[in-house]
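Visitor: Below you'll find the structure I mean.
The values are calculated or read from the model by the stated rules, or taken from the named source; none is laboratory data. Because the structure is a prediction, the values reported are computed rather than measured. Ideal geometry is used to build each Cβ from the backbone, glycine not excepted, and the neighbour counts take in all protein chains shown. Note: areas computed on protein heavy atoms with side chains; ligands, DNA, RNA excluded. Shrake-Rupley method; radii C 1.70, N 1.55, O 1.52, S 1.80 Å.
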Amino acid sequence: RTLKTSYLSDAMKKTAEGLNIPLIVAVQTNRPETKTGKGGEVTTARRPKMSDMANSADLDRDGDLIILPWRADRNSRDAELIIDKNKINGWNGIIPCWFNDAQRRFMDIETPRPTYTQAHDGSYDHE
């Protein structure tokens, strides 16, 4: 699997450079959503980092910009985009934002959040 990831990462990097286009790649992370402590308490997992990416060495090497989306609580719309690597302008940090479930996208923190009402069938309607 590591050899396949290395080959694909290198091929994607060369293709993007050859065509002079940005390439966005989604990668699975290797970290639990929650942790259970010795006393049985359940805590939210920590923020993700590059080393959490499956077979991350090659992806870390070839990636110019690595953004890790994170929500501490799936029931909350509050979210963060963690800039963990940036060869473009060098800025790393956390961008606070919110997650729009209806559109499945992260929104600027200053964008108004829609309100929803729950219908009798359990679905949500936009007000």
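Visitor: Filter region 61-80 for residues that are more than 19 Å from residue 21 (Cα to Cα) and either open to solvent by 40 Å² or more (accessible area, probe 1.4 Å) or in contact with a His (Cβ under 6 Å, 6 or more places away or on another chain) (or both) and give the result. Steps first, please.
Guide: Here is the first cut: in region 61-80, the ones more than 19 Å from residue 21 (Cα to Cα) are 68-80.
Result: 69, 71, 72, 73, 74, 75, 77, 78.
Table: residues versus (1) within 20 Å of residue 27 (Cα to Cα); (2) in contact (Cβ under 8 Å) with a residue 40 or more places away in the chain; (3) among the charged types (D, E, K, R); (4) not in a helix (DSSP H, G or I).
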residue: 58; (1), (2), (3), (4): yes, yes, yes, no
residue: 67; (1), (2), (3), (4): yes, no, no, yes
residue: 76; (1), (2), (3), (4): no, no, no, yes
residue: 82; (1), (2), (3), (4): yes, no, no, yes
residue: 85; (1), (2), (3), (4): yes, no, yes, yes
